[in-house]
Structure formats: structure tokens, C-alpha cells
1. Give me, ordered by chain and number, the residues 5 or more places off residue 526 or on other chains with an amide H under 5 Å from its own placed amide H.
2. Just reorder 395, 236 by solvent-accessible area, largest first, 1.4 Å probe, all chains present.
3. Checking a compactness column here: for the range 450-549, what do you get for Rg(Cα) / (2.2 N^0.38 Å), N being the number of residues?
4. Taking a ≥ b ≥ c as the square roots of the Cα gyration tensor eigenvalues, with a/c under 1.5 meaning rounded and otherwise prolate when a/b beats b/c, else oblate, which class fits the range 596-670?
5. Return one quarter of the surface area of the convex hull spanned by the alpha-carbon atoms of the range 479-616, equal to its mean projected area, in nm².
6. Choose one of 463, 473, 446: the residue whose Cα lies farthest towards the positive end of the charge dipole of the range 421-483 (beta-carbon charges +1 Lys, Arg; -1 Asp, Glu; about the Cα centre).
7. May I ask you to evaluate 6.51 cos²θ - 1.76 cosθ + 1.60, the Karplus curve with θ = phi - 60°, for each residue of the range 296-311 and list the ³J(HN,Hα) values in order in whole Hz, giving x for glycine and proline?
8. Which of the peptides 540-549, 637-646 is most tightly packed, and how do the rest follow, judged by the mean count of other Cβ atoms within 10 Å per residue?
Amino acid sequence: MSLYLPQRLVQCLAHRKRFRDLPSSLPPPRRVQRKIKAPAISSSEMRRSGARRRLPGDGAFILMGGLRLSHPLYPHLLPAAAGPSCSHSPVALAAAAPQTTRNMLRSIFRFLRSILPAAPARPSVLKNCLPETPRNPVAPSLWRGLQCIAPLMATVEETPEPIPTRIKGHIPEWLSGRLVRTGPGKFEFGKEKYNHWFDGMALLHQFKMENGNVTYKSKFLQSDTYLANSSHDRIMVSEFGTLALPDPCKSLFERFVSKFETPKITDNTSVNYVQYQGDYYISTETNFINKVDLETLERTKKVDWSKVIAVNGATAHPHYDPDGTAYNMGNSYGAHGSCYNIIQIPPQREDGLGELAGARVICSISPAEKMKPSYYHSFGMTKNYIIFIEQPIKMDLWKIVTSKLRGKAFMDGISWQPQYDTRFHVVNKHTGQILPGKFFSKPFVTFHQINAFEDQGCVVIDLCCQDDGETLGIYQLQNLRKSGQGLDEVYNSAARTFPRRFVLPLDAFLDAPTGENLSPLTYSTAKAMRGEDGKIWCCPENLHHEDLEEEGGLEFPQINYSRCNSQRYRFFYGCGFRHLVGDSLIKVDVETKKLKVWREDGFYPSEPVFVPAPGASEEDGGVILSMVVTPNQNESAFLLVLDAETFEELGRAEVPVQMPYGFHGIFVPT
Ligand SMILES: [Fe+2]
């Protein structure tokens, strides 16, 4: 029975029949596999897209620039008719089959049939006539002799009690507060090892600055996942790139049956700190976020998005209005297919109400293909609009649902599919209405938006872009831990990321002429042209000169958020990538496109965090904070403080502790 039901479910799909109409025996469902599979990509299309061979050990792909894609846990495929509190993991769909009733299987079948993929959109003639986007080469130049960074991807000890640091230079006395960061810091339990960088257990870092002094502490997030893994000394919960294996102490039959058990959803929130209603949380992209005490680094509560609102997760990169209203995006899966949802969280909640009280979905956007929604890691926001980018990184829900049955990790269900274009959806965040303009671009991938603002009837959005999402799998640990020629090959096969500006003329779709540049902005070379089909095709402006290519591109962008978010701005900051992780800090002037660079050989800085100086009148009046780590055993990691205007070092606080390379963090003043 345990085997029978999932197989019958597959047969229903394969033969397009209702469950009750199936004969007692049917051939294997090969046809449906072909129908659900993405259209084949020709070799010429592969060349056009810049796609290259997979790296040894690549499965499917994911990520770049230090991001974590744990969406597979997103969840919830069964009909959500019960309202906001009703949620069911897609992973659970197959796993729960042995316990489901016949009626439930019929419901599942009707749902899956309703969301079988539609044909991809036809290529636009205008698209092919657009001036060639100034696309960046995959590997602008080859680097040789890269330093092995395996120690930055290795398990470390936590430092639960604050320790003093050794100050060199000076730390401004006005700089009072905590830089808190998160990232993976434990990569195995017992004999079982994680496969992907994003799978590691979250290690929370805290640099506390006060009167020119700095202390450091760190602590592993006490998530349910971490506690279960620790108590059993093995991996109990599947992560993005690692499938939790059945308990070896079970019998052969029990291990086999366990393939059909409901998978646990990870609460290993290792991506970023976020703030809602005055509370701080650590977030990944599943339905769980963990509320933390920034002083003790203790988890105080585990919160489930799906218990509050009808979404099955949210990104780790929300946006905030000046009054504290937060916006985020998350997927939902229900009887009518998958949806991208825009979430609004009020700045305060009434006394006595629980976490995230008052959160609501203000808009739902249908994917181009309901069974293949796009993966997204962040989104853009202006004063009046949310900009959602539907990109050709596709989540194959069928593969994700069946991943445990197939013995695959969730990442197996995610792939770069450049036969699709990238689309910009613009939503009025006050009314929730989707603007009718259909904005498209040639396929590209973005994980982090830099900033967005409105000007002269246009939305201007700046993004860190890759032309090729085929190399996302490089962030498997076996690649990151290579050395010598193998490491060089991995790096030189990876796409670089560069900042680009897109201009979306919001009213141009009405009666605009075709084939003409509709952007009125004289300060940007970005173009937007209307095609006969009514689509607006956007050709971006590169926000850099060639010298950024020599820096390996840029990721982990940050701005003076409190002053410039949703405003026209001049400066952003990020990490240069002349290695698989950031190896420099870069300041970019978007008007002149000139760079300022901080680099020290053998050291790898994290995402730069801008902290405004008290009373500063200039946009770059403040400091940049970055946690700098090193694989060298005889060197110390340190907190770096740069003058944000000159990009000169003001001081550093050295910490005699081995630290891994991490993802994101925030500064919280005291
Ligand atoms: Fe991120």
C-alpha cells in the first residue's frame, strides 16, 4: 500500500485519467515525465545564453553570491481552502500519500492536472532586434593560483561568551551598537556531511561596539533542526542540497517505508536578520523564522508564516517604509496553483496579539507556469510600487514534490532555463493592483536588488545581474573546498555578477509608438521599447566601467538604506569577487561609475554594512562595517571599519577566533 498510492498518483498524471478511471495496471509514466520536463535547449540556444558545461559534481543548481535557496521547503501543495492556517508542504504531498484517503488523492489529482505547464511564450521579434545588451563575459579574464579557502567552509567552535578584540587604528566613539551576522558554521553531524554551502547550521555572530572598544561572541542558532541533529549525531532534517537519510538503525523495510513519510521542514534560518514590528528575526526562505535576542543570541520563539497568513514562506530581504511598515514576498500553493504574494506587515501590533499580527497579502501574482514558478531571492520597492522579477530560474514543483521518493535533494528541482525571458511585474503597493505594463528583458538572473526609485513616470531599478544561471551549483562544498588547478577551473567557469540599471516607463504601454526608446531619462542609457505585441522590452545600462570586470564583478550590494531607499541615490557598496567568495570591498558611484576598492591579500570581507554618522549631511557620510575572515592559520579575522566617503581604513578589531565566510547581517544601534 505504501508503494502503491504514490505510483498510482504518477500514473494518473501520465495518462491524464482520473484516479478512479485507471485500469488496475498501467505502463510506467514516461510520457508525463517528458511533458513536465522543460523544453529541450538547443546547442545554439545554449551558446546564445552563455551556458556552459556543468562542473564535476553538479546536480541541479543553485545560487551564487552567498545566498541560500531553501524554497523547496516552501511548501504546501494541497488545497488551502481552509484559509490562512491551512498549509501543507509539497514535499509532504508524496510522502503523506500512504495516509491519505481516496478523496484526498482525487483532490490532489485535480489540482495537479489544473496546473500542468503551458507552452512557453513565443520569442518576440522586437526582442531579437533590441540593441545587444552590454552583456558581460562569463569569465572576463582567467585567474590562476587562487588561494584554497576550504577553512572558510569548515565547522568552527562557537564563542558563547564575549571576548575582547585587539584594536588597530581607531573605532569611532560614536559607533555604538551591534553588528550581527549569520551564515553557515557547522557542516556535519557524526559521519554525515552536508553537500551544499547553504545547508550548514546557522552560526550567529555579534560584534558589539561601545566607546571605541569591540567585543565578539558567536552562537549556533538553537533551531529545532540543530537540536535534533545534535541529539542524534546525524542529519535529521533535509536541507537545500542534502537529503536526510533514513535512520541506519531501522530495518531495511522501515528505511524503505520512511521514504514516504512527511519530510520535516528546516528551521535552520541562516540567511539574514530581518525586523518586523520591532522584533528581530533570523530568516531563510521557508515558512519558519526565528525570533532572537540580539544581546544573548538566544532564540526566543519560532514563528511560522503559514500560521499567520496564507503564504508558505518569505524572502530574507524585506523592505521597509520610513514608518516601519515592512513588505516582503512569499509563495503559496493551493488548489488554483502556485502564486507569488506580496506581504505587508504593519509597523506595530496591538498588545496581546502574536508575532506578525496584522500581516496581510496585498497582491497575488500568477506565475507564467503554475507548475514552474520562478525562484526569487529579493525584490524591488519604490515609494509607490513593488517590483517583482520573474526570472528563468525555475522551480519544478513536480520534482520537488517527489524529491524524497527519488532520493534527491530539493536542489534537484531547480534549474536555469534561458528559453524563458525575464519579466518585471510592477504592483501598486497602496492598492495592490498589478500595473498593466508588460515589461520584459532578455534572460538574466538576479539575487539582490541594489535600489529602486521613481522618476518622470518611470521606475528605475538597479540590480546585480548574471547572464548565466547555469553555474549556480558551484556553491556545493566539494567545489568550494578545492585547491590548485581544480579550484581555478571552478572559479573560471562561474558567471560574474554586475550591476545594471533598468528603466520601466509605467504609462508607455497605452499608445506608445513601437520600436522607439520610451525612457525620458537623460541620465541613463537604459532603453525601453514597445513591441507590436504590446510588451515593453527593456535594455539595461551597465552601472560600471571595465575596471569592475577586473575586480571579478560585484555582489552583496548595500546602500545608505535609511536615507536612500526608494530615492534617487549616488553610491552603493558591495563585495568584489575575484574568488568564489568576496575578496574586496567596492564603492560604486552610479553617476560617474568610478570605483573605490579595499583589498588585502589572503583576506575575504563580508557584505559591507553602511552606518550613517550622526548628523551627516552627505549620502556617504558614515562608515562601512565588514567582517573579514581568512583561511590563514597564523592570521586573525577582524571587524573592519572604513570611512565610507574615502574608503580608507579607520580601524580594525582583530579576533583570535576562526570564522567561516557568511551571508548577511545588520547593524543595530544602541
Ligand atoms: Fe541574500
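1. Close amide H contacts, sequence-distant or interchain: 541.
2. Largest to smallest exposure gives the sequence 236, 395.
3. Numbers: Rg = 18.4 Å, N = 100, 2.2 N^0.38 = 12.7 Å.
For the range 450-549, the normalised Cα radius of gyration comes out at 1.45.
4. It is prolate, given that a/c is not under 1.5 and a/b is the larger ratio.
5. 11.6
6. Sorting the options by dipole projection puts first 473.
7. 8, 6, 8, 6, 9, 6, 9, 10, 10, 3, 6, 7, 9, 8, 7, 10
8. Per-residue mean Cβ counts within 10 Å order the peptides as 637-646, 540-549.
The values are calculated or read from the model by the stated rules, or taken from the named source; none is laboratory data. The structure presented is a predicted model; accordingly, all values stated were derived computationally and were not measured. Here the Cβ is made from the backbone with ideal geometry for all residues, glycine too, and neighbour counts use every protein chain on show. Heavy atoms of the whole protein, side chains included, go into the accessibility calculation; ligands, DNA and RNA do not. Shrake-Rupley method; radii C 1.70, N 1.55, O 1.52, S 1.80 Å.
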